[in-house]
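S.K.: Structure below; questions to follow.
The values are calculated or read from the model by the stated rules, or taken from the named source; none is laboratory data. This is a predicted model, so every value here is computed, not measured. Don't worry about glycine lacking a Cβ; one is built from the backbone with ideal geometry, like all the others, and counts go over all protein chains shown. Areas reflect the complete protein model, heavy atoms only, side chains present, ligands, DNA and RNA absent. Shrake-Rupley method; radii C 1.70, N 1.55, O 1.52, S 1.80 Å.
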Amino acid sequence: MKFDELDSRMRVFETSHDYCVLPGLHIVARLDGRSFTRLTKEVHQFESPYDVHFREMMLTTIEHLMNCGIDIKYAYTQSDEISLLFAEHETTFNRKLRKLNSVLAGEASAKFSLLLGDVACFDCRISQLPNIEEVVNYFRWRHEDAHRNALNAHCYWCLRRDGKNATEATTMMKGLSVADKNELLFQHGINFNQLPNWQKRGVGLYWQKYQKEGFNPITGETVHTLRRSIRRNIDLLMKDEYSKFIAELVNNP
């Protein structure tokens, strides 16, 4: 069998389940660290429950993803997860799900591994959202999850530092209300409202435009060019104000 004939024959098996995101749908990719609890608490022992060095590695990984050939309009991270909102008309890989999932997971895994100096792995899944309202709901969902996770994490590690093991700490937290958890922290000298906002709300990254001054050696004139850079926002807005921020960001061309 000649190569061309063999190539045509076998490509069918490889591409028979290729699915593409339809035009007009908003794409959000969510990446999660695989076994990151063990990686960051046992193997490398980052500070618990939050570590600034780990946060910086996550942010650097996101900046890499925003510069790897896919037009990302907004990125959000909390804990070991990353959410990426594609530009509305992004058509990289013809919007093929298997390509987007595999490339983003591979890029994130490779970059984070280099930063960590050890093997780290991310998985990736794609949400296909029909309108801006659902895009806002998605990021509001992850934003609220960050707040819940922060409260639980600080309570859990207060109990662990008191000498409780993992099972005991988890059992003691079952059934506690939000008020109960805040009281638990207060008894340990922690005012949850005064904790850094990046722990409670996550971090957002997006492009901002700026003027760069240059010099034209031919005309001898000072010239200005429009450039863009990534802004890290570690003090995100809350609740309805955050929803409004996301909606404006999506609507901004």
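S.K.: Which residue, 216, 94, 149, has the most motion in a Gaussian network model of the chain that connects Cα atoms within less than 10 Å?
M.R.: Result: 216 has the largest fluctuation of those listed.
S.K.: Each label point is 7 Å from the Cα along the Cα-to-Cβ direction; what then is the distance between the points at residue 2 and residue 230, in nm?
M.R.: That separation, rounded to one decimal, is 4.8 nm.
S.K.: If you don't mind, another one. Which one, 186, 46, 13, has the greatest fluctuation when you compute a Gaussian network model over the chain with C-alpha springs under 10 angstrom?
M.R.: Residue with maximal mean-square fluctuation among 186, 46, 13: 13.
S.K.: Starting from 0.36 nm per residue, how many nanometres of slack lie between residue 148 and residue 64 once their C-alpha separation is accounted for?
M.R.: Numbers: separation 84, 0.36 × 84 = 30.24 nm, distance 2.79 nm.
Working it through step by step, the gained length comes to 27.5 nm.
S.K.: How much solvent-accessible surface does residue 38 expose, in Å² to the nearest 10, with a 1.4 Å probe and all protein chains in place?
M.R.: Estimated to the nearest 10 Å², residue 38 gives 140 Å².
S.K.: Could you tell me which label, among (1) 19.7, 63; (2) 22.1, 76; (3) 26.3, 90, carries the value of Rg and Dmax of the Cα atoms in Å calculated for this structure?
M.R.: Label of the calculated value: (2).
S.K.: Using a Gaussian network model of the chain with C-alpha springs under 10 Å, which one of 172, 57, 238 is most mobile by mean-square fluctuation?
M.R.: 172
S.K.: Sorted by mean Cβ packing within 10 Å, highest first, what order do the peptides 135-141, 105-111, 157-163 take? Don't skip to the answer; put the middle values down first.
M.R.: On the way: 135-141: 17.7, 105-111: 19.3, 157-163: 14.3.
The densest-packed peptide leads the list: 105-111, 135-141, 157-163.
S.K.: Ignoring ligands and nucleic acids, what accessible area does residue 19 show with a 1.4 Å probe (Å², nearest 10)?
M.R.: That residue has around 140 Å² of solvent-accessible surface.
S.K.: Rolling a 1.4 angstrom probe over the protein heavy atoms, how many square angstrom per residue are accessible across the range 113-253?
M.R.: Using a 1.4 Å probe on heavy atoms only, each residue of the range 113-253 averages 62 Å².
S.K.: Give me the percent of accessible area attributable to carbon and sulfur for the chain, probe 1.4 angstrom.
M.R.: On the way: 7490 of 14770 Å².
The nonpolar share, carbon plus sulfur, comes to 51 percent.
S.K.: Subtract the Cα-Cα distance of residue 38 and residue 53 from 0.36 nm times their separation in residues, and report this length gain in nm to one decimal.
M.R.: 3.7 nm
S.K.: Also, quick follow-up: Hey, what number do you get for the chain at 222 nm if only DSSP H runs of n ≥ 4 count, each worth -39500 (n - 2.57), divided across all residues, to the nearest 500?
M.R.: -14500 deg cm²/dmol
S.K.: Report the FRET efficiency, 1/(1 + (r/R0)^6), for residue 45 and residue 197, where r is their Cβ-Cβ distance and R0 is 22 Å, rounded to 0.05. Provide the component values of the computation, followed by the final result.
M.R.: Values: r = 25 Å, r/R0 = 1.15.
With R0 = 22 Å, the Cβ-Cβ based efficiency is 0.30.
S.K.: Report, in order of residue number, the helices in the chain meeting two criteria: a C-alpha extent of 27 Å or more along the helix axis, and a mean Kyte-Doolittle hydropathy of at least -1.0; treat each whole DSSP H run as one helix.
M.R.: Counting only whole DSSP H runs, the qualifying helices are 97-116, 132-161.
S.K.: What does a probe at residue 176 reach in the range 127-157, counting residues whose amide N is under 16 Å from the point 7 Å along Cα→Cβ?
M.R.: Residues passing the 16 Å test: 147-157.
S.K.: In what order, largest first, do 134, 248 sit by accessible area if the probe radius is 1.4 Å?
M.R.: Reading off the accessible areas and sorting them downward yields 248, 134.
S.K.: In what order, largest first, do 83, 177 sit by accessible area if the probe radius is 1.4 Å?
M.R.: 177, 83
S.K.: Cα centroids of the range 68-147 and the range 214-253: how far apart, whole angstrom?
M.R.: Cα centres, the range 68-147 to the range 214-253: 20 Å.
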